[in-house]
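To start, the structure under review is shown below, and the notes come after it.
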Amino acid sequence: MNGSAAISILRAAKRLIFAQHRHVLVIQLQVIIGSLSSLGFLGVDVEQSYAALIGALTIILPSAYLAWSNSRTSNPLRILAQGVVKTVTTCLLMVASLVFLQVEPLGYFFSLVIVQVSYLLALAPVFKLPHSD
C-alpha cells in the first residue's frame, strides 16, 4: 500500500531499484569524469594522460555493457551472471592495461578510482530523476 491506494509489489520495488535512466546517468558521469581526468593529466604528462584515459575505459566499457545487458532482461540469475561478467572483464582489462600496454600507474589508478565515484554521484539528490509509473 502506498497510503491511499494499493499498488503492486513489483511496481513498488521497481521504484526502489535503479531505473534504466539511472544506468545511463552513471555511464554519462563516468565519461565526463574520465575525460576530465585524462585532460587534467595532459597538463602533467602525455603518458599520464594516456594512462588516465585507459584507466577510465577500463571502468566505462564493462559498465556500459552491464547497463545495456541489464536493460534487456529482468531475470535475476541473468543479472547476477552479467555482474560477474562485468567484474571479470574489468579485471582482465586491468591486467591487459598493466602488462601489455604498460601504462603509467599514477594516471591509470587515479582515473580508475575517480571514475568509480560516478556510482556515488548518481545517487546524489542533485540527480533526482522523476518517477515514471
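Structure summary
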| quantity | calculated |
| --- | --- |
| Checking W68 against (1) within 18 Å of the chain's Cα centre (by Cα); (2) of a type in the set (F, W, Y); (3) surrounded by 14 or more Cβ atoms within 10 Å (Cβ to Cβ), the condition it does not meet | (3) |
| Of residues in the stretch 32-65 being of a type in the set (V, I, T) and surrounded by 16 or more Cβ atoms within 10 Å (Cβ to Cβ), the one farthest from H21 (Cα to Cα) | I54 |
| Cβ-Cβ under 7 Å pairs, at least 6 apart or on other chains, the stretch 29-41 side closer than 11 Å to F110 by Cα, far side modelled with pLDDT of 95 or more and among the basic types (K, R) | none |
| Of residues in the stretch 26-47 being β-branched (V, I, T) and modelled with pLDDT of 95 or more, the one farthest from P62 (Cα to Cα) | V46 |
| Per-region count, the stretch 78-111, residues within 22 Å of D45 (Cα to Cα) and either in contact with a helix residue (DSSP H, G or I) (Cβ under 9 Å, 6 or more places away or on another chain) or of a type in the set (D, E) (or both) | 14 |
| Leading residue by the ranking (farthest from the chain's Cα centre (by Cα)) among those in the stretch 75-109 that are of a type in the set (S, T, N, Q) and in a loop (DSSP other than H, G, I, E, B) | Q102 |
| Count of residues meeting criterion [closer than 17 Å to V99 by Cβ and either of a type outside the set (V, I, T) or outside any helix (DSSP H, G or I) (or both)] in the stretch 48-70 | 4 |
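The values are calculated or read from the model by the stated rules, or taken from the named source; none is laboratory data. In this text, all values refer to a predicted model and were calculated from it rather than measured experimentally. When we count neighbours, we look across all protein chains shown, and the Cβ atoms used for this are built from the backbone with ideal geometry, even at glycine.
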